[in-house]
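Bear in mind these aren't lab numbers, they're just calculated from the coordinates by the rules spelled out. Note that this is a predicted model, so its numbers are computed, not measured. Note that each Cβ is placed from the backbone with ideal geometry, even for glycine, and that neighbours are counted across all protein chains shown.
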Amino acid sequence: MTPTTPEDATATAPDEVNPTSPGLPPVVDLATWQAARDELLIREKAHTRAGDALAAARRRLPMVEFDGTVEVVGPDGPVPFLDLFQGRDELIVYKHMWHDGAPHQGQCEGCTLMAWQVKDAVYLNARGVSFAIVTTGSWDEVAPYVAFMGYTQPWYSVRDVAEPVGGDMGFVTCYVRDGDRVFLTYSTTGRGNEPVTGSFALLDMTAHGRGEVWEDNPDDGRPEGQSPCWYWRSDADGNATWGPTSRPAPQWTRPGATPVETLGRSGHHH
């Protein structure tokens, strides 16, 4: 057998010399990685510019005037919707779904994710924008939930209030005021809500992504994707599950969060 020369060893693929576990990207040298990274950066910059163009189009949307004196219910009782602006000219509202009569662990996991992300609105406030969360839950149910979760942003009940203040939940909605006149300027839902939660954008930067079944992954043994949002809920041991022993993930960090046996949801979901 011919002895292996140093040149032969250098030419051997790194994966063959030091194989990695299945489901990881191929191993290359730094220069090869940088070339691939630079190529992707061209596409990322185009994506950023396209996003800028969409934001410009949003700023050119017309708006709808509505009665800003309509009452919503918060910790101080009924107040006019105008109060949510806190004296500022603009307002972003997240509309949180609600399961009537359900315990804390039975409330909407997707809305929990959204509300949890905005712990501090100081940078919005610095730009003259207020932030609030509304829900169709009755205030006597909402108040203890907000206290349990430790939310720091203002919450209000919009039960039986018509759109664009109430109506369907699960939306990010933007408003502007001109003195006492109030206008709806923008609203989005579904994946349109993703800018609220930085966790998704960070997961999209990782080798394994979000771990959801819809993602386009390399055919190299990557972990099999599961149903969308599967990691939003877990049991007491941290296992991702949508079952009756689960809570929305942030709830396990809250004082008094104990193992559970039921989500306690009724058939009525706002």
Once you keep just the Cα pairs under 8 angstrom separated by 6 or more residues, what percentage relative contact order results for the stretch 64-200?
32
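How charged is the neighbourhood of G77? Take every other residue with its Cβ under 15 Å from the Cβ of G77, and add Lys/Arg as +1 and Asp/Glu as -1. Numbers along the way, then the final one.
Details: positive: R159; negative: E71, D76, D83, D140.
For residues surrounding G77, the net value is -3.
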Using a Gaussian network model on the chain with a 10 Å cutoff between Cα atoms, which of K45, K119, K95 fluctuates the most?
K45
Would you grab the residues whose amide H sits under 5 Å from the one on E212? Only those 5+ places off in sequence or on another chain, please, with H modelled 1.01 Å from N.
Q226
Taking every Cα atom in the stretch 64-200, find the radius of gyration and the maximum pairwise distance Dmax, and write them in Å.
13.9, 40
With only helices counted (DSSP H, runs n ≥ 4, each -39500 (n - 2.57)), the per-residue ellipticity at 222 nm for the chain, to the nearest 500, works out to -7500 deg cm²/dmol
Connecting every pair of Cα atoms under 10 Å apart in the chain and solving the GNM, the largest mean-square fluctuation among P195, P19, P80 falls on P19
Pop out the ³J(HN,Hα) list for the stretch 36-45 in order, Karplus 6.51 cos²θ - 1.76 cosθ + 1.60 with θ = phi - 60°, rounded to Hz; leave Gly and Pro as x.
5, 5, 5, 5, 5, 4, 4, 5, 5, 5
Rel. contact order, % - alpha carbon contacts under 8 angstrom, at least six apart, the chain
22
Taking the Cα centre of the stretch 64-200 as the origin, how large is its charge dipole in debye, to the nearest 20, when only Lys and Arg (+1) and Asp and Glu (-1) carry charge on their Cβ atoms?
440
Are there cysteines in the chain with no other Cys C-beta under 4.7 Å, and if so, which?
C174, C229
Could you list L30, L124 so that the one with the fewest beta carbons within 10 Å of its beta carbon is first and the one with the most is last?
L30, L124
Over 10 Å intervals from 0, what percent of Cα-Cα pairs in the stretch 115-270 sits in each interval?
8, 28, 37, 20, 6, 0
Provide, in order from the shortest bin, the percent of all Cα-Cα pairs of the stretch 133-212 in each 10 Å bin, continuing until the bin that contains the maximum pair distance.
14, 34, 34, 15, 3
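From the C-alpha coordinates alone, can you work out the Kirkwood hydrodynamic radius of the stretch 195-270, in Å? Before the final figure, lay out each step's value.
Numbers: mean 1/r = 0.0696 Å⁻¹.
That comes to 14.4 Å for the stretch 195-270.
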Can you report the principal axis dimensions of the stretch 76-157 using only the alpha carbons, biggest first, rounded to whole angstrom?
36, 26, 17
Computed curve, the chain, Cα-only Debye sum without solvent term, log₁₀ I(q)/I(0) at 0.07, 0.09 Å⁻¹, is -0.37, -0.56
Using Cα springs under 10 Å in a Gaussian network model of the chain, which residue among G211, G221, G110 shows the largest mean-square fluctuation?
G221
